[in-house]
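> Take this structure first; my questions come after.
The values are calculated or read from the model by the stated rules, or taken from the named source; none is laboratory data. Fair warning: this is a prediction, and the values are worked out from it, not measured in the lab. Methodologically, a virtual Cβ is constructed for each residue, glycine included, from the backbone with ideal geometry; neighbour enumeration extends over all protein chains shown. When the accessible area is computed, the model is the full protein with side chains, heavy atoms only, and any ligands, DNA or RNA have been set aside. Shrake-Rupley method; radii C 1.70, N 1.55, O 1.52, S 1.80 Å.
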Amino acid sequence: MPEDSIEQINFDEINELAISKPLVSHIYTADPSAHVFNGKIYIYPSHDIDAGIPFNDNGDHFGMEDYHVFSMDSISSEALDNGVALHVNDVAWAEKQMWAPDAAHKNGKYYLYFPAKRASGIFQIGVAISDSPSGPFTPQPDAIKGSYSIDPAVFEDEDGKHYIYFGGIWGGQLQKYRNNLYDQNNEEPSENEPALGPIVALLREDMLELAEEPKEIKILDEKGEIILAGDNNRRFFEASWVHKYNGKYYFSYSTGDTHFICYAIGDNPYGPFTYQGRILNPVVGWTSHHSICEVENEWYLFYHDSSLSKGVTHLRSMKVTKIDYLEDGSIVTIDPYGIRRSID
């Protein structure tokens with residue numbers, strides 16, 4: 001639910017109707033990236049704080065400084081806070097705004113991928129390493145070469161290759177890039193032009209750098225045409241995530257200013273992906289950001305809303321709910337405050 005509708009909300013009623021409760025309430029957490037490592041669920045969220053900055057379209061009010069890792073023995077057990085896993089002060093190249101992270105595992109090591117702003121005000125993506133999925137993580141001395149924008153998400157395919165997805169428009173700065181080059185004069189395409197797509201690249205074997213030039217992903221409509229920039233209900237805004245179900249690649253993402261989590265399906269990690277529908281309807285708060293994780297042969301959506309903070313859009317709380325698939329592989333749309341329904 002966008003911020004301009006907050007005054008109309010009865011939060012006691014919303015919290016009663018909500019299909020899930022916050023996983024933790026002692027701190028604010030958002031953008032939860034969930035994985036199963038060694039039979040346990042680990043969640044890598046942003047850690048929301050009140051930075052005292054007014055709301056604006058660049059997201060300056062999202063002033064996060066560190067990451068906490070949470071672990072759960074099962075989907076119904078308590079989420080344990082394992083403490084600070086990484087702080088911006090420990091990252092030599094980063095100045096501020098530790099936004100949505102993700103994590104991956106390979107050969108006994110755990111890798112935390114995170115965006116942050118350099119002193120120049122430009123976002124890049126860094127990586128930190130640990131021997132434990134809960135951290136603490138030791139950052140590399142500089143950001144990943146060739147990375148930019150925000151919202152890294154790492155997908156491990158069945159052949160062991162890892163792909164990193166990233167990008168977000170507006171405050172995420174993706175609109176300033178064309179062919180991986182930054183230009184301050186670049187802006188979003190006009191409404192009747194193809195929308196900007198998220199970015200993907202294969203990771204190097206050591207998981208620390210890109211193995212190739214990043215590529216822009218195409219998200220197509222039902223006619224096989226690239227979704228247009230003016231199609232705000234379906235175009236990519238931020239929050240990339242990829243999971244594989246019945247041999248198909250599901251690319252899911254946030255539409256930003258229309259507040260949906262949508263998904264598209266493709267035949268390989270690079271796409272193109274064809275739009276299918278919505279996974280999650282709008283939540284309380286401006287942002288919507290998620291991950292999808294299989295736990296004991298069931299699929300779950302990890303997401304956030306701002307109901308615990310009574311609608312403060314930069315003070316969010318992570319939640320989880322079950323995903324249901326239909327026989328054709330489509331996902332049943334989730335209403336965060338009451339009902340589930342199939343795509344119209």
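> Using the Karplus curve 6.51 cos²θ - 1.76 cosθ + 1.60 with θ = phi - 60°, work out ³J(HN,Hα) for each residue of the stretch 257-265 in order, rounded to whole Hz, and write x for Gly and Pro.
Per-residue couplings from phi come out as 5, 9, 6, 9, 9, 10, 9, 9, 10 Hz.
> Quick one: 3J(HN,Hα) in Hz for the stretch 298-308, Karplus 6.51/-1.76/1.60 with θ = phi - 60°, rounded, Gly and Pro as x.
Those phi angles translate into 10, 10, 10, 9, 9, 8, 9, 8, 10, 5, 5 Hz.
> Which whole-number percentage describes the relative contact order of the stretch 152-232, with Cα contacts under 8 Å and a sequence gap of 6 or more? Could you put the intermediate results ahead of the total?
Details: 128 pairs, mean separation 20.7, N = 81.
Value for the stretch 152-232: 26 percent.
> If Lys and Arg each add +1 and Asp and Glu each add -1, what is the summed charge of the other residues whose beta carbon sits under 12 Å from the beta carbon of residue 95?
Working: positive: 96, 117, 118; negative: 65.
Result for the local shell: +2.
> Viscosity 1.567 mPa s, temperature 4 °C: give me the Stokes-Einstein translational D for the chain in µm²/s, with Rh taken as the Kirkwood radius over C-alpha pairs.
Details: Rh = 19.9 Å.
Translational diffusion coefficient: 65 µm²/s.
> Sticking with this one: Any chance you could run the full-extension gain for residue 21 through residue 267? It's 0.36 nm times the residue separation minus the Cα-Cα distance, nm to one decimal. Spell out each step's value before the answer.
On the way: separation 246, 0.36 × 246 = 88.56 nm, distance 3.49 nm.
Computed gain between residue 21 and residue 267 is 85.1 nm.
> Which of rounded, prolate or oblate describes the stretch 165-226 when judged by the alpha-carbon gyration tensor and an a/c cut-off of 1.5? Write out the running numbers ahead of the final one.
Numbers: a/c = 2.70, a/b = 1.39, b/c = 1.95.
Because a/c hits 1.5 or more and a/b fails to exceed b/c, the stretch 165-226 counts as oblate.
> What is the chain's relative contact order, in percent, from Cα pairs under 8 angstrom and six or more apart in sequence?
About 17 percent, as a whole number.
> About the Cα centre of the stretch 149-291, what is the dipole size in debye to 20, counting +1 per Lys and Arg Cβ and -1 per Asp and Glu Cβ, all else neutral? Intermediate results must be reported in sequence, preceding the final value.
Numbers: 12 positive and 23 negative charges, 71 e Å.
The calculation lands at about 340 debye.
> As an exercise, use a Förster radius of 45 Å and the Cβ-Cβ distance of residue 223 and residue 310 to find the FRET efficiency, rounded to the nearest 0.05.
Numbers: r = 43 Å, r/R0 = 0.95.
Once the sixth-power term is evaluated, E becomes 0.55.
> Picking from 228, 326, 203, which is most flexible by a Gaussian network model of the chain using Cα springs under 10 Å?
326
> By how many nm would the segment from residue 95 to residue 297 grow when fully extended, if each residue of separation counts as 0.36 nm and the alpha-carbon distance is taken off?
68.7 nm
> So what's the net charge close to residue 179: Lys and Arg +1, Asp and Glu -1, counting the other residues with Cβ under 11 Å from its Cβ? Don't skip to the end; give the middle numbers.
On the way: positive: 178, 215; negative: 183, 213, 216.
Result for the neighbourhood of residue 179: -1.
> Here is a further query. Using the Cα centre of the chain as the reference point, and only Cβ charges (+1 on K/R, -1 on D/E), how large is the resulting charge dipole? Debye, rounded to the nearest 20.
In debye, rounded to 20, the chain gives about 380.
> Based on the Cβ-Cβ distance from residue 80 to residue 118, what FRET efficiency comes out when R0 is 30 Å, to the nearest 0.05? Before the final figure, lay out each step's value.
On the way: r = 33 Å, r/R0 = 1.10.
That pair, residue 80 with residue 118, gives E of 0.35.
> How far, in nm, would the chain grow between residue 55 and residue 37 when pulled straight, counting 0.36 nm per residue and subtracting the alpha carbon separation? Provide the component values of the computation, followed by the final result.
Values: separation 18, 0.36 × 18 = 6.48 nm, distance 3.65 nm.
Contour length minus the Cα-Cα distance gives 2.8 nm.
> Would you kindly give the portion of the calculated P(r) for the stretch 4-94 that falls above 16 Å, as a percent of all Cα pairs? Don't skip to the answer; put the middle values down first.
Numbers: 2728 of 4095 pairs.
Of all Cα-Cα pairs in the stretch 4-94, 67 percent lie more than 16 Å apart.
> Taking every eigenvalue of the Cα gyration tensor of the stretch 64-148, multiplying by 5 and rooting it, what semi-axes result, largest first, whole Å? Before the final figure, lay out each step's value.
Numbers: eigenvalues 114, 39, 22 Å².
Whole-Å semi-axes of the equivalent ellipsoid: 24, 14, 11.
> Note down the net charge around residue 167, summing +1 for each Lys or Arg and -1 for each Asp or Glu among other residues with Cβ under 9 Å from its Cβ.
Values: positive: none; negative: 151, 216, 238.
Its environment carries a net charge of -3.
> Follow-up question, since we're still on this one. With Rg and the Kirkwood Rh both taken from Cα atoms, where does Rg over Rh land for the stretch 137-244? Walk me through the numbers before you get to the answer.
Numbers: Rg = 14.7 Å, Rh = 14.9 Å.
Result: Rg/Rh = 0.99.
> Continuing with the same structure: Once both labels are modelled 7 Å past Cα along the beta-carbon direction, what's the residue 157-residue 138 spacing in nm?
The modelled label-to-label distance comes out at 3.2 nm.
> Given a Förster distance of 25 angstrom, what is the FRET efficiency for residue 180 paired with residue 244, based on the Cβ-Cβ distance and rounded to 0.05? Present the calculation step by step, with values, prior to reporting the outcome.
Numbers: r = 26 Å, r/R0 = 1.05.
Taking R0 as 25 Å, the efficiency between residue 180 and residue 244 is 0.45.
> Within the accessible area of the stretch 218-344, what % is carbon and sulfur when the probe is 1.4 Å and the other protein chains stay in place? Show your work: numbers first, answer last.
Numbers: 2060 of 4570 Å².
Solvent-exposed carbon and sulfur of the stretch 218-344 make up 45 percent of the total.
> Return one whole number: the accessible area per residue of the chain in Å², for a 1.4 Å probe. Each step should come with its number before you reach the end.
Numbers: 14300 Å² over 344 residues.
Per residue, the chain has an accessible area of 42 Å².
> Could you give me the ³J(HN,Hα) list for the stretch 216-227, computed from phi with Karplus coefficients 6.51, -1.76, 1.60 and θ = phi - 60°, whole Hz, x at Gly and Pro?
Calculated HN-Hα couplings, in order: 7, 8, 9, 10, 9, 8, 5, 9, x, 9, 5, 4 Hz.
> So which of 21/244; 176/244; 109/161; 96/218; 117/218; 40/319 end up more than 19 Å apart by C-alpha?
Values: 21/244 27 Å; 176/244 31 Å; 109/161 15 Å; 96/218 31 Å; 117/218 27 Å; 40/319 17 Å.
Cα-Cα > 19 Å for 21/244; 176/244; 96/218; 117/218; rest within.
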